[in-house]
1. Could you grab me the full set of residues in segment 92-123 that are outside any loop (DSSP other than H, G, I, E, B) and closer than 21 Å to Arg67 by Cβ?
2. Show the residue pairs meeting these rules: Cβ distance below 7 Å; 6+ apart or different chains; first residue within segment 55-75 and farther than 24 Å from Tyr95 by Cα; second residue of a type outside the set (A, V, I, L, M, F, W, C) and assigned to a strand (DSSP E or B).
3. Please go through segment 206-235 and pick out each residue that is farther than 25 Å from Val291 by Cα and β-branched (Val, Ile, Thr).
4. Based on this model, can you work out whether Leu232 counts as assigned to a helix (DSSP H, G or I), in contact with a helix residue (DSSP H, G or I) (Cβ under 7 Å, 6 or more places away or on another chain) and on the phi < 0 side of the Ramachandran plot?
5. For the list (1) over 20 Å from Thr51 (Cβ atoms); (2) in a loop (DSSP other than H, G, I, E, B); (3) within 18 Å of the chain's Cα centre (by Cα), I need the number of the one condition that Thr287 fails.
6. Just to check your reading of the model, which residue among Pro112, Pro103, Pro167 is touching a Ser or Thr at 6+ places or on another chain (Cβ under 8 Å) and either farther than 22 Å from Ala290 by Cα or aliphatic (A, V, I, L, M) (or both)?
7. Among the residues in segment 215-226, are any surrounded by fewer than 13 Cβ atoms within 10 Å (Cβ to Cβ) and either of a type outside the set (A, V, I, L, M) or under 19 Å from Ala14 (Cα atoms) (or both)?
8. Of everything in segment 152-172, what is over 15 Å from Val107 (Cβ atoms) and part of a helix (DSSP H, G or I)? Give them in sequence order.
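The values are calculated or read from the model by the stated rules, or taken from the named source; none is laboratory data. Please read all numbers here as calculations on a predicted model, not as lab measurements. Cβ placement follows ideal geometry from the backbone for every residue including glycine, while neighbour counts extend to all protein chains displayed.
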Amino acid sequence: MDLEGSDETPIARALEEHARRRQAIAQTEIPKPAHTRVMTVANQKGGVGKTTTTVNVAAALAQAGLRVLVIDIDPQGNASTALGIEHHAEVESVYDVVVEGKPLGEVVQECPDIPGLWCAPATIHLAGAEIELVSLVAREQRLNRALSAHLKELGERTYDYVLIDCPPSLGLLTVNAFVAAQEVFIPIQCEYYALEGLSQLLTNIELIKAHLNPALQITTILLTMYDGRTRLSAQVADEVRTHFPDQVLKTTVPRSVRISEAPSHGLTVMTYDPASSGALSYAESATELAVRGASLGA
């Protein structure tokens with residue numbers, strides 16, 4: 001039977017490309033960073049894939065043999081849900097760390113599905129933390145001090161990466177995340193409105209650098225929800241790459257039903273459907289992030 005020109009030809013090409021990309025990941029050794037890379041994953045616009053990016057990049061790094069901590073500082077607790085971490089009201093959480101002063105190590109839980117991945121969960125109590133933090137001494141430094149103490153306590157068993165998942169706003173919780181990190185990791189949805197909030201985010205990051213954390217740098221931008229069939233996705237991608245040529249990862253994350261389904265099962269897409277295009281893209285993103293960081297001495 002002659003398949004030339006049939007629908008099976010592009011499918012075969014897609015499968016071949018999929019296999020090639022997977023082989024390239026398998027053959028790339030993901031380097032350990034010289035020191036713990038603390039990255040705040042932030043975007044003031046909601047719905048851009050911020051939490052999804054946090055948990056899946058973290059999972060991909062852990063699956064590559066690195067030690068990774070996710071700090072969920074978003075009161076919605078979506079990162080905790082995706083990692084299968086208990087975060088009901090009775091669980092000790094990031095709230096107890098930033099408001100009550102509890103050591104971070106006492107609230108960290110290991111992810112049940114992925115060895116080498118830990119999470120400091122968020123609970124509903126964080127919703128009131130913005131107000132409670134206002135009256136506290138060194139309110140912007142609470143997370144930074146707790147994380148520094150935790151990393152020092154771990155010593156040689158410390159994490160390779162710490163990813164902090166922020167709420168989609170610039171309140172005191174997000175400010176705490178910026179002060180605790182050296183790097184900002186920005187997921188950007190490939191749609192027009194995503195660009196509108198970016199300038200405000202950059203302004204706020206500059207304010208944090210000027211007044212609270214001079215070491216903070218935007219090092220990584222990931223284009224999410226990319227649809228290669230639309231001209232708009234390509235235009236947004238081109239514009240972001242033009243303005244941030246050194247920060248934007250080559251990898252893009254496509255729109256994917258499997259990525260959206262995974263959290264409802266208490267899983268990342270890396271464990272829910274490791275063969276999917278979404279899992280492959282996040283594995284490539286994590287690999288690129290780690291390799292680029294090593295080349296920059298991070």
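1. Val94, Val97, Leu104, Gly105, Glu106, Gln109, Glu110, Leu117, Trp118, Cys119, Ala120, listed by residue number.
2. Leu61/Tyr161; Leu66/Tyr161
3. Passing the criteria: Ile208, Thr230.
4. On the way: assigned to a helix (DSSP H, G or I): yes; in contact with a helix residue (DSSP H, G or I) (Cβ under 7 Å, 6 or more places away or on another chain): yes; on the phi < 0 side of the Ramachandran plot: yes.
Yes, satisfied.
5. The number of the failed condition is (2).
6. Working: Pro112 fails: touching a Ser or Thr at 6+ places or on another chain (Cβ under 8 Å); Pro103 fails: touching a Ser or Thr at 6+ places or on another chain (Cβ under 8 Å).
Being touching a Ser or Thr at 6+ places or on another chain (Cβ under 8 Å) and either farther than 22 Å from Ala290 by Cα or aliphatic (A, V, I, L, M) (or both) holds for just one of Pro112, Pro103, Pro167, which is Pro167.
7. no
8. Lys152, Gly155, Glu156, Arg157, Leu172
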